[in-house]
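In what follows, a structure is listed as structure tokens, so that the remarks can point back to it.
The values are calculated or read from the model by the stated rules, or taken from the named source; none is laboratory data. Bear in mind that the values here come from a model prediction, so they are computed numbers and not experimental data. With ideal geometry, Cβ positions are generated from the backbone for all residues, glycine too; neighbour counts draw on all protein chains shown.
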Amino acid sequence: MRGDDRGLERHLPSGAPLPNLPRGVLVVGVLGLIGASLLLTIFYTVDADEVAVVQRFGQYVRQEGPGLRFKLPLGLETVRKVKVQRVFKAEFGFRTDEPGTRASQRAFLDESLMLTGDLNVADVAWIVQYRITDPVQFLFGNRDPTTTLHTVAQVVMRSVVGDHTVTEVLTERRVEIALQVQGKMQELLTLYRTGLRVDTVQMQNVTPPSDEVKRAFNEVNEAQQEQARKINEAVQTYNQEVPRERGEVERTIAKAEGYAINRTNTAKGDVARFTALLTEYRKAPEVTRWRLYLETMREILPTAKQVYVFEATQSSSVLPILDLLRGETAPVAPAGKEQ
């Protein structure tokens, strides 16, 4: 072996072939890598619940909706995706570890313990549901919108609770308090350019801090519920009984009015009949008297069971009886015996 060949073998790995790639292959490989990187950085997708915020050299330029989108490659434009359709939830005074379970509220007393307007202490837990309505403000208008929302929620809740008594917070005005908190939170979040919108504020467990006071307030709540139940039952009974009694009153009044009209008309008829009879009597007293007698007998005799007819000139001790029921003369009975 020649000396120059032995020197070349010393510089190459043992068993490695000598490189023999053409320059064109290397160029094509480099161009392929550049094309692949361009394809990977120029196209992107936006989900249905997202909005893409595009920045060029760090400056905001546009928003893109759901679908397949493209941008300038190699970092010239960057994309930040924001979930604008999702409803987020912030919990205060407690944390939900798993679905249907909660962590102990004792670990979050710094959030939940509040001073009421009558200088009592209440343990308040609540939930804020919110969504992102302005992606640009959410990303660039405030340094930390989520932390701002948590701070605003606690400040507003303590302010509103401090304007009410402990009884109002625990029982009767919880819904009103939640609505006030929602409105004031939205004003501050808009002022701080967070891009967030509060959907609902839900008051959860509101209890006194000690067990003794808690039992007392539970008794008050039960008494108020019992009072509301009794009132509802009374209103229901009133709505049932009063219309029925009013109908009975109207029926009795109508019946009395009908009876009065009937009696009045009957009396008027009797007066008219008597007046007409008096006129006829004055014209012929004897005839009218006899006619009245006959009319009276015609009404009385049909109802009589036995009729005894006496003659003024009769002097015999035997009394003849006229049996009108059979239409013939009965046997003669001695006078003085009962018939």
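See the values below:
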{"read-out": "Criterion (part of a helix (DSSP H, G or I) and either assigned by TED's automatic domain parsing to the domain that holds V169 or not basic (K, R) (or both)) met by exactly one of T200, T266", "value": "T266"}
{"read-out": "Enumeration of residues in segment 122-148 that are touching a residue at least 60 places away in the same chain (Cβ under 8 Å) and over 14 Å from V87 (Cβ atoms)", "value": "A122, D123, V124, A125, W126, D134, P135, V136, L139, F140"}
{"read-out": "Some residue of segment 198-212 being among the β-branched types (V, I, T), farther than 30 Å from R86 by Cα, surrounded by 11 or more Cβ atoms within 10 Å (Cβ to Cβ) and in contact with an Asp or Glu (Cβ under 9 Å, 6 or more places away or on another chain)", "value": "yes"}
{"read-out": "Matching entry among R86, R62 (being within 23 Å of G141 (Cβ to Cβ), in a loop (DSSP other than H, G, I, E, B) and of a type outside the set (S, T, Y))", "value": "R86"}
{"read-out": "Which listed residue is surrounded by 10 or more Cβ atoms within 10 Å (Cβ to Cβ), within 30 Å of D123 (Cα to Cα) and without any contact (Cβ under 8 Å) to a residue 40 or more places away in the chain, from E257, E248, E241, E222", "value": "E222"}
{"read-out": "Test result for T200, within 27 Å of the chain's Cα centre (by Cα) and touching a residue at least 60 places away in the same chain (Cβ under 8 Å)", "value": "yes"}
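Residues checked against (1) within 30 Å of M157 (Cα to Cα); (2) in contact with a helix residue (DSSP H, G or I) (Cβ under 9 Å, 6 or more places away or on another chain); (3) not in a helix (DSSP H, G or I):
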residue	(1), (2), (3)
R215	yes, no, no
N221	yes, yes, no
K230	no, no, no
V235	no, no, no
Q240	no, no, no
T279	no, no, no
T288	no, yes, no
